[in-house]
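To keep things clear, I will list the structure first and then write my remarks on it.
The values are calculated or read from the model by the stated rules, or taken from the named source; none is laboratory data. A quick note: this is a predicted structure, and the numbers were derived from the prediction, not measured. All Cβ positions, even for glycine, are placed from backbone atoms using ideal geometry, and neighbour counts span all protein chains on display. Side chains are part of the model used for accessible areas, which takes the heavy atoms of the whole protein and leaves out ligands, DNA and RNA. Shrake-Rupley method; radii C 1.70, N 1.55, O 1.52, S 1.80 Å.
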Amino acid sequence: MQWSKEEEEEARKNVMENSAVQVTLEEQVKYESEANRYWDMFYKIHKNKFFKDRNWLLREFPEILPSDQKTEEKTKELSWSRPKTSVADHFSRTYCHTMPEEKSHEKSAESSGDPTQARSDFPNLDSKEHRQGSLKMDLFPGSQATFRILEVGCGAGNSVFPILNTLQNAPETFIYCCDFASSAVELVKSHSSYRATQCCAFVHDVCDDGLPYPFPDGILDVILLVFVLSSIHPDRMQGVVNQMCKLLKPGGMLLFRDYGRYDKTQLRFKRGHCLSENFYVRGDGTRAYFFTKGEVHNIFYKAGLNEKQNLVDRRLQVNRKKQVKMHRVWVQGKFQKPL
């Protein structure tokens with residue numbers, strides 16, 4: 001859906017107005033240094049009730065399925081139900097023990113959540129051996145899998161569980177999911193559909209490239225980066241994508257979807273919430289950036305990934321009761337690591 005020139009000009013003026021007054025430098029530093037605290041509080045407050053399950057994922061990103069399941073018949077039979085599953089086997093429990101978008105936030109967030117808690121889920125991950133990258137291939141969760149997926153910024157599992165339940169009859173697949181809000185990871189692990197035989201949820205700050213992952217570099221077939229990069233400071237985005245590239249195997253795919261420039265969420269920000277150009281802070285302390293197609297291209301190109309898709313998805317939502325039109329704008333892309 002294309003905007004009229006008048007609508008686009010109105011959106012530009014709106015953004016100029018809501019960006020006229022920026023947050024003080026001192027507050028910007030606070031929002032950056034305490035980002036995990038704000039998100040942790042968000043999930044402590046909203047639990048898993050805020051976002052809708054992303055049942056559209058396999059429609060937009062069929063690459064999530066292993067190649068032997070990418071048939072038209074299989075896609076038609078996809079079930080998004082959430083059946084209860086059995087407990088994990090002993091090996092998976094050792095590493096990923098079970099603990100007792102998009103509703104369109106449009107994520108709205110005080111906790112003492114400690115990001116170092118990430119390491120408690122993986123014994124010895126802080127050891128010198130692991131920090132030197134000598135994680136043995138036969139010691140990590142999912143080592144027996146032939147198809148591995150990582151979702152970055154998993155939240156309460158609104159992407160993980162639709163995928164996990166679709167692939168429940170594909171034991172050769174394994175899903176890793178991480179978030180730097182410990183309360184979000186606890187929600188994932190306590191969900192009735194979580195099974196550690198096929199999924200490993202862990203706390204991780206993707207902006208800290210010194211933190212080890214529970215698996216070696218270069219083994220992932222798919223990385224999901226969906227409504228996550230926008231919450232990261234623009235100065236740190238490139239480093240995050242560079243790290244993601246290292247985790248992919250040659251030929252692996254990074255699947256991206258996030259807020260686009262002039263999305264209704266951006267237009268709703270008031271003065272005093274702008275951190276920097278097209279980067280804002282919500283009332284709960286969480287942040288959001290709004291991308292252009294060109295920016296997305298440059299970030300992934302600089303990381304060494306080949307662009308397979310990069311599009312702007314524009315949609316019009318109409319509140320007939322209030323007679324209000326709302327433009328949704330997302331940027332979606334698929335990027336592949338060279339063979």
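Quick notes on this structure:
- Order of exposure, largest accessible area first, which applies to 192, 33, 183 with probe 1.4 Å: 33, 192, 183
- Measuring against 19 Å, Cα to Cα, the residue pairs 189/334; 52/246; 302/334; 264/322; 249/334; 302/337 contain 189/334; 52/246 as the ones spanning a longer distance.
- q = 0.13, 0.19, 0.20, 0.26 Å⁻¹: log10 I(q)/I(0) that the Debye formula gives for segment 143-204, counting C-alpha atoms only: -0.28, -0.60, -0.66, -1.08
- With a Förster radius of 35 Å applied to the beta-carbon distance between residue 32 and residue 293, the computed FRET efficiency rounds to 0.85.
- Per residue, the convex hull spanned by the Cα atoms of segment 195-339 amounts to 151 cubic angstrom.
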